[in-house]
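Participant: Have a look at the structure that comes next, please.
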Amino acid sequence: MQRITILGATGSIGASTLDVLARHPDRYRVHALSAHGRVEELADACHRFKPARAVVGTPDAAERLAALLEGLDIQVDHGEQALCEIASSSETDTVMAAIVGAAGLAPTLASARAGKKVLLANKEALVMSGQLFMDAVRENGATLLPIDSEHNAIFQSLPATYARDPQAAGVARILLTASGGPFLKRAVDTLEAVTPDEACKHPNWVMGRKISVDSATMMNKGLEVIEAHWLFGAPAELIEVVIHPQSVIHSMVSYTDGSVLAQLGNPDMRTPIAHALAFPERIASGVSQLDLTDMAALQFYKPDFERFPCLALAFDALRVGGTAPSLLNAANEVAVQAFLECEIGFRDIDRVIAEVIDAVPHGPASSIEAVLAQDARAREAAHGVIARLRG
Ligand code: NDP
Ligand code: MG
């Protein structure tokens with residue numbers, strides 16, 4: 001029996017994870033579930049999966065959750081400390097890190113420090129603290145398995161013995177596929193006016209609103225380039241973004257002998273989730289088998305960095321290194337939130353990020369405290385830029 005903690009159980013990844021777990025009650029037991037504000041949804045999941053612990057964002061949310069769970073033997077808590085506890089508890093073996101954004105950093109890092117099997121969906125945590133996070137994984141014997149569909153595909157296309165050394169493994173290139181999002185073909189001069197709902201209407205994937213906007217700006221792919229750098233030890237020059245609108249090939253690895261290995265499947269996050277949960281075994285995920293004869297032609301294009309300036313900003317931040325990626329991430333989180341709240345336009349997102357990166361000096365990412373201090377500075381600067389754009 002594998003005991004599981006899900007951080008972010010009420011989100012899109014959380015729901016897909018619960019769906020896979022429900023198919024295998026003989027293999028998995030839920031130890032703990034977390035949410036932030038969606039108390040009713042978390043209560044429903046608690047009634048179905050009967051975890052020992054449940055954690056929410058605020059004292060008020062905890063009170064409401066406890067009332068909804070009356071009669072069940074579930075310990076209810078709130079706040080970051082409690083999240084870190086359920087992520088590192090000796091009562092859990094595996095942690096699904098599926099909180100969105102920087103809020104996921106502390107508990108995700110706590111799970112790595114406790115040597116857990118960490119299923120990483122929360123890419124922002126790795127973007128912010130890449131070196132520190134990978135060191136924590138290595139020093140504490142944690143197992144890190146990527147949930148992001150591209151990184152899961154790359155993981156599956158690399159040799160089982162891969163040790164974060166592309167050269168030693170004969171890797172010539174990591175080919176990170178990208179759908180291009182909802183605005184791949186839309187006239188660039190009309191992007192200024194797109195609405196949050198248009199930006200969240202992804203052609204192939206149903207996801208939370210933050211990552212959906214990131215997909216529309218292609219910042220999601222930028223964050224994934226940085227994520228791939230840390231997970232696979234690959235320099236920026238080895239990582240190539242390929243637009244593939246059908247999202248059937250989830251990414252590829254090309255080798256020095258000319259071979260290209262890929263992982264394919266229907267676009268459904270339950271596949272990488274089931275892969276990581278059962279690794280190195282395979283279990284049913286509920287995803288239908290890919291019907292190759294039923295498929296439209298597969299297309300591939302080079303990305304247009306002028307249409308998608310966020311992708312260029314992310315490559316730049318990776319090349320600069322240190323705390324530059326955490327500035328990028330924090331400015332992006334604030335800008336996306338402001339866009340979702342209709343405070344700024346879609347194209348203002350990249351303007352805010354570029355200004356923050358220019359304005360806030362970056363340094364070495366020598367400690368989590370240094371990373372969090374940069375994160376705070378970048379957020380403050382981003383709010384300043386947004387206030388000016390609105391005013
Ligand atoms: P959602 O917005 O659907 O869910 C986010 C989860 O995080 C919810 O459970 C939410 O709680 C919780 N949460 C939000 N803010 C906080 C906070 N401040 N403190 C603690 N918990 C919080 O996001 P997704 O499931 O789409 O994405 C989750 C992560 O997975 C992201 O990092 C994303 O980049 C990554 N990912 C997602 C993919 C997808 O297909 N969705 C694909 C690849 C990666 P509540 O709702 O109760 O407020
Ligand atoms: Mg992805």
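The values are calculated or read from the model by the stated rules, or taken from the named source; none is laboratory data. In this text, all values refer to a predicted model and were calculated from it rather than measured experimentally. Neighbour counts are summed over all protein chains in view; Cβ atoms, including those assigned to glycine, are modelled from backbone coordinates with ideal geometry. The accessibility values were calculated without ligands, DNA or RNA, using every heavy atom of the protein model including side chains. Shrake-Rupley method; radii C 1.70, N 1.55, O 1.52, S 1.80 Å.
Participant: Using a 1.4 Å probe, what is the accessible area per residue for the range 1-127, in Å²?
Facilitator: Ligands and nucleic acids excluded, the result is 39 Å² per residue.
Participant: Considering only protein heavy atoms and a probe of 1.4 Å, how much of the accessible area of the chain is carbon and sulfur, as a whole percent?
Facilitator: Values: 8440 of 16400 Å².
The value for the chain is 51 percent carbon and sulfur by accessible area.
Participant: Ignoring everything except DSSP H segments at least 4 long, calculate the 222 nm mean residue ellipticity for the chain; use -39,500 (n - 2.57) per segment, divide by total residues, nearest 500.
Facilitator: After summing the helix terms and dividing by the residues of the chain, the value is -14000 deg cm²/dmol.
Participant: Once a ≥ b ≥ c are taken as the square roots of the eigenvalues of the Cα gyration tensor of the chain, is the result rounded (a/c under 1.5), prolate (a/b larger than b/c) or oblate (a/b not larger than b/c)? Write out the running numbers ahead of the final one.
Facilitator: Working: a/c = 1.39, a/b = 1.14, b/c = 1.22.
Note, shape of the chain comes out rounded.
Participant: Counting other Cβ atoms within 10 Å, keep those with at most 16, restrict to DSSP loop, and tell me which GluC sites (Glu not before Pro) in the range 1-99 are left. Walk me through the numbers before you get to the answer.
Facilitator: Details: sites: Glu40, Glu41, Glu63, Glu70, Glu80, Glu85, Glu91; in loops: Glu70, Glu91.
In loop regions of the range 1-99 (DSSP not H, G, I, E or B), the sparsely surrounded GluC sites (Glu not before Pro) are Glu70, Glu91.
Participant: Using the per-residue mean of other Cβ atoms lying within 10 Å as a proxy for protection, in what order, highest first, do the peptides 256-262, 164-170, 332-338, 245-251 fall?
Facilitator: Working: 256-262: 12.0, 164-170: 14.1, 332-338: 24.6, 245-251: 20.3.
So the order, starting with the most tightly packed, is 332-338, 245-251, 164-170, 256-262.
Participant: Continuing with this model, one more query. Could you give the length gained on full extension between Leu290 and Asp26, defined as 0.36 nm per residue of separation minus the Cα-Cα distance, in nm?
Facilitator: Working: separation 264, 0.36 × 264 = 95.04 nm, distance 2.67 nm.
Residue separation times 0.36 nm, minus the Cα-Cα distance, leaves 92.4 nm.
Participant: Something else: How many nm is it between the label spots at Asp135 and Thr190, if each spot is 7 Å from the Cα in line with the beta carbon?
Facilitator: With each label placed 7 Å out from Cα toward Cβ, I get 5.0 nm.
Participant: Just the number please: accessible area per residue for the range 154-294, 1.4 Å probe, all protein chains included, in Å².
Facilitator: Values: 6050 Å² over 141 residues.
On a per-residue basis, 43 Å².
Participant: Run the numbers for Glu80 and Asp44: contour at 0.36 nm per residue of separation, minus the present Cα-Cα distance, in nm. Don't jump to the answer; show the numbers that get you there.
Facilitator: Numbers: separation 36, 0.36 × 36 = 12.96 nm, distance 2.21 nm.
Length gained between Glu80 and Asp44: 10.7 nm.
Participant: Can you tell me what share of the DSSP beta bridges in the chain is antiparallel? A percent to the nearest 5 is fine. If you can, show how the numbers build up before the last one.
Facilitator: On the way: 10 of 39 bridges.
Roughly 25 percent of the DSSP beta bridges within the chain come out antiparallel.
Participant: Run the quick spin-label model on Leu68 and Arg282: label points 7 Å from Cα toward the beta carbon, then report their separation in nm to one decimal.
Facilitator: Simple spin-label model gives 3.8 nm for this pair.
Participant: Here's something else I'd like to know. Excluding the sites themselves, what is the longest stretch of the chain that contains no chymotrypsin sites (Phe, Trp or Tyr not before Pro) in a DSSP loop with at most 15 other C-beta atoms within 10 Å? Before the final figure, lay out each step's value.
Facilitator: Working: sites that count: Phe300, Phe305.
Free of exposed loop sites, the longest segment is 1-299.
Participant: Ok, one more. Expressed in nm to one decimal, what extension gain is obtained for the pair Leu264 and Asp165 from 0.36 nm per residue of sequence separation less their Cα-Cα distance? Intermediate values should be presented prior to the final figure.
Facilitator: Numbers: separation 99, 0.36 × 99 = 35.64 nm, distance 2.40 nm.
Full extension of this stretch gives 33.2 nm more.
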